[in-house]
1. So what are the radius of gyration and Dmax for the Cα set of segment 499-566, in Å?
2. Compute the signed sum of charges (Lys and Arg +1, Asp and Glu -1) over the other residues within less than 12 Å, Cβ to Cβ, of GLU571.
3. What accessible area per residue comes out for segment 367-517, rounded to a whole number of Å², with a 1.4 Å probe?
4. Calculate, for GLU388 and THR316, the FRET efficiency according to 1/(1 + (r/R0)^6) with r their C-beta to C-beta distance and R0 41 Å; round to the nearest 0.05.
5. Using modelled amide H (1.01 Å from N, peptide plane; none on Pro or chain starts), what sits under 5 Å from the amide H of ILE404, excluding residues fewer than 5 places away?
6. At a Cα cut-off below 30 Å, give the lysines reachable from LYS56, other chains included and same-chain residues fewer than 8 away excluded.
7. Spelling out what I want: for every residue of segment 390-397, take phi, set θ = phi - 60°, compute 6.51 cos²θ - 1.76 cosθ + 1.60 (Karplus), and round to whole Hz; glycine and proline get x.
8. Beyond 19 Å, what share of the Cα-Cα pairs of segment 418-572 remains, rounded to the nearest whole percent?
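The values are calculated or read from the model by the stated rules, or taken from the named source; none is laboratory data. On a predicted model such as this, the values are computed, not experimentally measured, just so you know. Ideal geometry is used to build each Cβ from the backbone, glycine not excepted, and the neighbour counts take in all protein chains shown. Surface accessibility is based on the protein's heavy atoms, side chains included, excluding ligands, DNA and RNA. Shrake-Rupley method; radii C 1.70, N 1.55, O 1.52, S 1.80 Å.
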Amino acid sequence: MRRRLRSALVPVRLHAIPQLVIDGVLVFAAYYLAFRLRFGFFSDPLPEHYRELFWKSVGPVVLLCLTSFVLFRVYLRSARFASIRDLIAIVNGTVVGTIAAAGYVAIVKPVSFLPPRTEQFWLERRGYVPFSVTENQERVATLPTSVVAFFLLLMLVFVAGSRLVARAFHERGSFGKHRRGARSVLIIGAGDGGRLVLREINRNPDLNLRPVGFVDDDPTKDGLRIDGVRVLGNTSELARILDDVEPDEVTIAIPSAPGTVRAQVVRDCRARGVQVRTLPTVFELLQGGDRYVRQVREVQVEDILGRAPVKMELDTVGGYLRDQVVLVTGAGGSIGSELSRQIARVNPRKLILLDHAEDNLFEIHRELTGDRHVSPDVAIAVLADCREEDRMREVFAEHMPTTIFHAAAYKHVGLMEMNPVEAVRNNSLATRLVARLAGEFATETFVLISTDKAVDPATVMGASKALAEWAVEAEQQRFPTTRYAAVRFGNVLGSSGSVVPIFRRQIAHGGPVTVTDPEMTRYFMTIPEAVQLVIRSGTLGRGGELFVLEMGDPVKIMDLARTMIELSGLEPDKDVAIEVIGARPGEKTHEALFGGHEHCVPTEAPRIMRADRPVIGTKVVDEAFDRINLLVLEGDAAGLATEVAALINAARGDGAEHSATGGAAAPAADAALLGTGAVAPVPTDS
C-alpha cells in the first residue's frame, strides 16, 4: 500500500494540483447539496444540529475523498485525456470515499447534544429521527442514509462530469474540422479499429483526410452513425458505395479480416482507381509498437491470400521455453530469424543463434541485442556449420541446449536440382547429425522444420527433406528420453525460396512474370504464423511425431501473379506480360500435405494435424544413411539418386527389405529425383 500511495502521489506533485483543487471544491459542493436535498433544499432552513454536523465534518470528508481518488490513481492522467479506465477509477474512488466519510462521522461523532422538546417534536413531525439516545439522554447527529446516497451520486456526477467537460473542450478546437481540399476516405470496418482510424483523422488535421463513411458487414450497424459518420452498407455493396461517394482512398480497418474480404476490397477499388491501404494484421500488431493508426500501410499480397489469420498467445504457447537454453540452427534465415525473434519474447535463459552465414548471423544478433534490447548474455551468436561434427559437439558441450529448433536447410528447388550431392549433405546428413547429438547430450525437445515437398518427393530438395524426416524418426527410437518432432508446412511468404520476391523483381523490371504452369497451385502461409505454430508443436507430441500445419486453400500461381501485378497499380497482360515457361523436371502441378501412405490425425491444437504413417526401423535407416554418406563423400550423384529413391520407397511401405540390402536399382521415375540438372530459368515456387 505504501508503494502504491507513493507512486500515485508523484504525478499529483507534478501536474495534477489544479485538478486536485477543483475536485476538492466539487466534493464540497456535492456534500453540501446532499444535505440541502435531504432537508428540503433551499425552501427550509437546515436544522441547527445538521448545520453544525456539516461544518465540523466537511473538512475531513473532503480530505478522505481526495485521498481515495489518489489511491485509485485518478490523477495519473490529465482530465482532458480521460478514458473508460479513468472513469472506473473515479467510480471506485467515489464509493470508497463515501464509505470512509460515513464511517468517519459514525466513529468520531463530531456533534452530540440534548435537543429541546420543541425541536424534537418538530423533527419527529417531519419524519427526521436520525438521533441515537445515550445513557445521559444526549443525542448524536449521524449522517442520514439519504444524505450518503445523495453525496455518492452527486460526487460521481461532478467529478466524472468535470473530466467529460475538459475532454470535450480540448477536442472542440480540432475534432471534426478538416482542411479544404482534404482527401476523402472510406473506412472498411466500423469496429474498434475503424473508430480508432476515425478518431485519429478527426484529431489530426495534418493527415489531410476527411471521412465519408463506414462499410461494415454487421447488419445491426447498417445506417447507424458512429462518431458522426454513417455506416453506408456492407462489403458486398462496396462497388455501389464506391460509385456513390467516390472516395479518394479506402482504409481497411479490420486487423483480423480474412484474405477473401481484403481481396474483394482491393478488386473493387482497383477497378475504379481508388487507393487502398490497411491497418496492420494481427501479427504485426502483436510484434511492434503502439502507434496503431500511424502504421496504416499499402495492401500487400500477404493480406489477400484468402486465409483466416491464426491467433495465438505466444506467452502461453511458448511458455515452456521460458528459462530454457534454446538452440536455433539456421538462425539467420527467414524461418530461423523469426523463430529467434519470437522465442526471445518469452525470456529463455539462453538463445543460441547458430548459422554458417556470417552476414545473416550478424544481422539477427544485432537486431535482437540492439533493436529489441535482448541481453547479450541471453542472445549468443555461434558461427558454425551443422555438417561439421567436431564443431557441433563443441557447441553442444559448451551450451547444453534443452530445446532445439532445426531450421538450417537449403530451400531453392532449382538450385538443389543442380547440386544434388550438396542438398543431401546439408538437408539430410546434417539433420541426422544434429538430431543424434541432441539425443547424446540429453536435449529435452528437438523440432525439425520440414516442407510439403517432402510428400512423395519429385525434386532433390523434397527428397532431401523426406530423408531428414525419417532420420529424426529413427533417432527417436534410439533416444527415447528426447522428444523429437518434425513440422511440415508449405510455402512461406517472404522466405528466401518464395515465389513472391521473384515476382516482385520481375514486376519492378517491367516483366515478364514467368509461371511454369497456368494450373499450378501452392499452399502459402506467412512466416509469423508458421513460426508460432512450430513453437506450439514443440509441446504436442510424446516423441517421433510428424506434425502438419493446416495451410488453408491452395493458391493458383497464375492468380497470385495477376494479383501482385494489380497491387503494383498495373494491369496484367497489358502493362506487365505473364509468360508460361513450362514445368521443370519433377515439378508437381499441385502439392499435398500428406502422402498416399499417411493419414491425417487431428491434435489438441487448432490448425495443427499429425501424419500417421508406417515406421521404418532404425537399422534400415542407419544402413541406408551409411551408404548415402559414402556416396556423398564420393560425389556420386547417380548412385545417390538410386539409394535415396530406395529409402523413400521403403518409407512408403513398398520395399523395406530392398532398402536394407540396397540390391536392386530404384525405379526410373524415382531415380530422376536427383542429378537431373535441368531447371527452368526462373523458379516459381519454393
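1. Gyration radius and largest Cα-Cα distance of segment 499-566: 16.2, 52 Å.
2. On the way: positive: ARG270, ARG562, LYS574; negative: GLU566, ASP573, ASP575.
Charge balance in the 12 Å sphere: 0.
3. Values: 4890 Å² over 151 residues.
Ligands and nucleic acids excluded, the figure is 32 Å² per residue.
4. Numbers: r = 37 Å, r/R0 = 0.91.
In this case the efficiency is close to 0.65.
5. Counting only residues 5 or more places away or on other chains, the set is LEU327, THR445, PHE446, VAL447.
6. Hits, sequence-local ones excluded: LYS109.
7. 4, 5, 5, 5, 4, 5, 5, 5
8. Numbers: 7232 of 11935 pairs.
The share of Cα pairs beyond 19 Å in segment 418-572 comes to 61 percent.
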